[in-house]
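Visitor: Quick one: the structure is below, questions incoming.
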Amino acid sequence: MVQEHVSDPVVGTLVDNRYAVTARLARGGMSTVYLAVDQRLDREVALKVLHPHLSVDENFLGRLGREAKAAARLSHPHVVGVLDQGNDGNTAYLVMEYIKGHTLRDVLKDRGALPPRLALALIDPVVEGLAAAHSAGFIHRDVKPENVLIADDGRIKIGDFGLARAVTSSTSTGALIGTVAYISPELVLGKPADARSDVYSVGIMLYEMLTGRQPFEGDVPVQVAYQHVNATVGPPSDLVPGLAGEVDELVQWCTANDPENRPVDGSALLQELRHIRTNLSDAELDLQPPAAAAAASQHATEILGRTSNPTTLLPPSRPAAPAYPPGLALPDDDDTGDGWSPPPPRLGKRAQRKAARESEKLRSVAAATPVRTLREGNPRRRGLIWAVVLILAALLATGAGWFFGMGPGAAAAVPPVANKTVAQAQQLLNGVGFRSTTNDVFDDEVPTGIVVGTDPAAGTEIRKFQPVSLLVSKGPQLFPLPQLTGGSLDAAKSALNAAEMALGAVTEKFDEEATAGTVLSQDPAAGTPARHGTPVELTVSKGPQPIPVPSVVGKARNDAVAALEAAGLTAKDAPDQVFDRDVPQGSVVSQSPANGTLTKGGTVTLTISKGPRMVTVPSFIGKQASEARKALEALGFQVRVNNILGGFFGTVRDQSPVNRDVPEGSVVTITVV
């Protein structure tokens, strides 16, 4: 798509706190398309913002949401993906895959009529995308060149699935949605559409690609719509001489007025299209359309518009060729009177077989029909017969006038009956003259048993003898909730998104067995039927609860073990006990870890004291006090000195204890004189 450099209040805004609008791409009858950046996923998208008259229609918005969700599940290389849908205040929008490139309309404007090879190659992916959609139960209803997107890398996709369906189903514009040049006769008449309606639009589009013009034209749309119902699309070879008969057949097969005479769906059309592409010769595929046809037409118009040219006598015109049925033998040269006979029509294989059958029927009828009457008849009798015929014609005309003016054939608008009971809706329809049927549908907002809408939609003008289907709500469609427990929180979020459910409140709690981040429980439970968008609350594990390690140093071993087990921890003795002058035997000297936290059942290692070491106190009597002090302190004793007469001589006179084992660190008293 080419960006439009225009002033637009939406450009530069942030829609729904997610989509940053950078430029306007195009504007149509239902929406304006912008180039935007999805700030959450950091990618370019096409943002379709609906026009205000659609944004205020709550019934339409509800149906648009449902159709957008359904279209989002349609994934095909030749269908533009629907990524998101929502409302931001009074702004209703669709988010679609951004295709950087141009549309088929741009190709037709630039090149006009296309060679058959190029036209068939361009239409092939369009039909393939429609075939996939038809197989999935989707009908587009608005196939036209503007909705065929051609990427710069050559990819071809058809867009606006969901939007066209929602508009035709919910608004009064549904009868003539989009460009009336491509609309099927049944949609003009307000009848239900099916896959064959899309096939008709493809046939009109292929006609335009081959000839450079649309088959029906008019000053106002209603003139074109009238021709779709009452006229027949001619063969493209009328405008492109030399075009293969198989291509003519393909176009006219798709554009038959009666849907029963068209391909049943996109898959049937795709099979025939590819068969034709394979069997046409290179010369037939590469046929160049007359490039000067449009210019010649304009030149002729200019000549007819001149008033100054003198009137000249034209030579006698050749008699018009009689309209013979296909396959019927043409008259000999003598029958025309001037030796000229019209050229035989170019027919494809399917048409040739049909023409042969019709020709045989006509020959049989001709052989059984007398060429002249056996009785000339009475003029008075003939007059009486004509009088009777005229009276019958008048009666028929009067009856037809009543039928189409006031009777069952009269046109009337379908009244709005949404949000009414079935009885109330039927009464309203009967009052207008419609007969109704009921059809149960799922609806997330409308209560069970209440009318959601009608098909055709309210406001559509149809004939009173045409049935109106009441769409009656059977409540929201329920889907089983997925199993979320036992996995991670991220996996649960992905499962909820895939099931189109919402994430509710997330609660965390400690669990001794489940690792952190594991989903422990969900509410509602797995398998519970719920509507799309239902929030599911989750409880997630924070892992085992941490336990502070208590200090048991200095406590007796049994007391220390009891304290640790009361905290939920496990006590373990160190392999070796140690001597300690300060900690009594059997008490805890140290622990590992000394502090911090452990989980339930964590192990604390205890080092147990053997009490102080026993040391023999040697005798230092008669030795100098300084020597005695030094030796005793080296053995780990505390030395207390008791001086007599001031300790003048410095000699140890007495000591206590002496020559026996005492605990390391005990006090040894020496008496010095």
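Visitor: Please work out if THR607 is in a strand (DSSP E or B) and farther than 30 Å from PRO548 by Cβ.
Guide: In short, no.
Visitor: Right, another one. In the range 464-489, what residues are hydrophobic (A, V, I, L, M, F, W, C), in contact (Cβ under 8 Å) with a residue 40 or more places away in the chain and surrounded by 16 or more Cβ atoms within 10 Å (Cβ to Cβ)?
Guide: Within the range 464-489, VAL468, LEU470, VAL472, LEU481, LEU484, LEU489 qualify.
Visitor: Only one residue in HIS76, HIS102 is of a type outside the set (A, V, I, L, M), free of Cβ contacts under 8 Å to residues at least 60 places away in the same chain and within 20 Å of ALA151 (Cα to Cα), so which one is that?
Guide: Working: HIS102 fails: free of Cβ contacts under 8 Å to residues at least 60 places away in the same chain.
HIS76 is the lone residue from the list that is of a type outside the set (A, V, I, L, M), free of Cβ contacts under 8 Å to residues at least 60 places away in the same chain and within 20 Å of ALA151 (Cα to Cα).
Conditions tested, residue by residue: (1) outside any loop (DSSP other than H, G, I, E, B); (2) modelled with pLDDT under 50.
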{"site": "GLU272", "(1), (2)": "yes, no"}
{"site": "THR278", "(1), (2)": "yes, no"}
{"site": "GLU284", "(1), (2)": "yes, no"}
{"site": "PRO289", "(1), (2)": "no, no"}
{"site": "GLN298", "(1), (2)": "yes, yes"}
{"site": "GLU302", "(1), (2)": "yes, yes"}
{"site": "LEU313", "(1), (2)": "no, yes"}
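Visitor: Here is a follow-up. When the residues of the range 490-532 are narrowed to those that are surrounded by fewer than 12 Cβ atoms within 10 Å (Cβ to Cβ) and either more than 21 Å from ASP443 (Cα to Cα) or not aliphatic (A, V, I, L, M) (or both), which ends up nearest to the chain's Cα centre (by Cα)?
Guide: Looking at residues that are surrounded by fewer than 12 Cβ atoms within 10 Å (Cβ to Cβ) and either more than 21 Å from ASP443 (Cα to Cα) or not aliphatic (A, V, I, L, M) (or both), I get ASN497.
Visitor: What number of residues within the range 550-565 are surrounded by 16 or more Cβ atoms within 10 Å (Cβ to Cβ) and either of a type outside the set (A, V, I, L, M) or not assigned by TED's automatic domain parsing to the domain that holds GLN585 (or both)?
Guide: 2
Visitor: Would you mention how many residues in the range 105-132 are in contact with an Asp or Glu (Cβ under 8 Å, 6 or more places away or on another chain) and part of a helix (DSSP H, G or I)?
Guide: The first filter runs over the range 105-132 and keeps only residues in contact with an Asp or Glu (Cβ under 8 Å, 6 or more places away or on another chain), leaving 105, 108, 115-117, 130-131.
After this cut, where a residue has to be part of a helix (DSSP H, G or I) as well, the list is 105, 108, 116-117, 130-131.
Number satisfying all stated conditions: 6.
Visitor: For the range 12-41, what are the residues that are farther than 13 Å from TYR98 by Cα and among the charged types (D, E, K, R)?
Guide: Once the filter is applied, which keeps residues that are farther than 13 Å from TYR98 by Cα and among the charged types (D, E, K, R), the range 12-41 yields ASP16, ARG18, ARG27, ARG40.
Visitor: Further question on the same structure: Restricting to the range 216-254, name every residue that is buried (at least 18 other Cβ atoms within 10 Å of the Cβ) and within 34 Å of the chain's Cα centre (by Cα).
Guide: Scanning the range 216-254 gives VAL224, ALA225, HIS228, LEU250, VAL251, GLN252, TRP253, CYS254.
Visitor: Take the residues in the range 568-586 that are closer than 15 Å to THR605 by Cβ and small (Gly, Ala, Ser), then tell me which one is surrounded by the most Cβ atoms within 10 Å (Cβ to Cβ). Even if it seems obvious, please write down each step before you answer.
Guide: Within the range 568-586, the first condition is being closer than 15 Å to THR605 by Cβ, and the residues that meet it are 569-578.
In the following step, the residues that additionally are small (Gly, Ala, Ser) were identified as 571, 574.
Details: ALA571: 19, ALA574: 15.
Across the range 568-586, the extreme among qualifying residues is ALA571.
Visitor: Determine, yes or no, whether PRO584 is touching a residue at least 12 places away in the same chain (Cβ under 8 Å), in a loop (DSSP other than H, G, I, E, B) and under 27 Å from PRO663 (Cα atoms). Spell out the reasoning first.
Guide: On the way: touching a residue at least 12 places away in the same chain (Cβ under 8 Å): yes; in a loop (DSSP other than H, G, I, E, B): yes; under 27 Å from PRO663 (Cα atoms): yes.
Considered against the rule, which asks whether it is touching a residue at least 12 places away in the same chain (Cβ under 8 Å), in a loop (DSSP other than H, G, I, E, B) and under 27 Å from PRO663 (Cα atoms), PRO584 comes out as yes.
Visitor: Working carefully through the options ASN595, ASN642, find the one that is out of contact with any Phe, Trp or Tyr (no Cβ under 7 Å at 6 or more places or on another chain) and in the same structural domain as ALA556 (by TED's automatic domain parsing).
Guide: Details: ASN642 fails: in the same structural domain as ALA556 (by TED's automatic domain parsing).
It is ASN595.
Visitor: Give the residue that is modelled with the lowest pLDDT, with candidates limited to residues of the range 434-451 that are surrounded by fewer than 18 Cβ atoms within 10 Å (Cβ to Cβ) and assigned to a loop (DSSP other than H, G, I, E, B).
Guide: Looking at the filtered set, the residue picked out is ASP444.
Visitor: Answer yes or no as to whether LEU61 is without any contact (Cβ under 8 Å) to a residue 40 or more places away in the chain, assigned to a helix (DSSP H, G or I) and either among the basic types (Lys, Arg) or surrounded by fewer than 20 Cβ atoms within 10 Å (Cβ to Cβ) (or both). Before you say what the answer is, go through the steps one by one.
Guide: Values: without any contact (Cβ under 8 Å) to a residue 40 or more places away in the chain: yes; assigned to a helix (DSSP H, G or I): yes; either among the basic types (Lys, Arg) or surrounded by fewer than 20 Cβ atoms within 10 Å (Cβ to Cβ) (or both): yes.
So LEU61 passes the test.
Visitor: Given ALA574, ALA566, which one is closer than 30 Å to ALA516 by Cβ and either among the hydrophobic types (A, V, I, L, M, F, W, C) or touching an Asp or Glu at 6+ places or on another chain (Cβ under 9 Å) (or both)?
Guide: ALA566
Visitor: Name the residue that is modelled with the lowest pLDDT, counting only residues in the range 67-88 that are among the small types (Gly, Ala, Ser) and touching a Phe, Trp or Tyr at 6+ places or on another chain (Cβ under 7 Å). Working first, answer last.
Guide: The initial filter retains those residues of the range 67-88 that are among the small types (Gly, Ala, Ser), namely 68, 70-72, 75, 81, 86.
When the remaining residues are screened for being touching a Phe, Trp or Tyr at 6+ places or on another chain (Cβ under 7 Å), the result is 71, 86.
Working: ALA71: 73, GLY86: 88.
Filtering first and then ranking leaves ALA71.
Visitor: Check the range 587-604 and report whether any residue there is over 30 Å from LYS509 (Cα atoms), touching a helix residue (DSSP H, G or I) at 6+ places or on another chain (Cβ under 6 Å), touching a residue at least 24 places away in the same chain (Cβ under 8 Å) and not in a loop (DSSP other than H, G, I, E, B). Let's see the steps before the verdict.
Guide: Here is the first cut: in the range 587-604, the ones over 30 Å from LYS509 (Cα atoms) are 587-591.
Checking which are touching a helix residue (DSSP H, G or I) at 6+ places or on another chain (Cβ under 6 Å) leaves us with 588.
Filter again for touching a residue at least 24 places away in the same chain (Cβ under 8 Å), leaving 588.
If we keep only those that are not in a loop (DSSP other than H, G, I, E, B) as well, we get 588.
Yes: one or more hits.
The values are calculated or read from the model by the stated rules, or taken from the named source; none is laboratory data. Only a predicted model underlies this, so the values are computations on that prediction, with no experimental measurement involved. Reconstructed Cβ throughout: ideal geometry from the backbone, glycine too, with neighbour counts over all protein chains shown.
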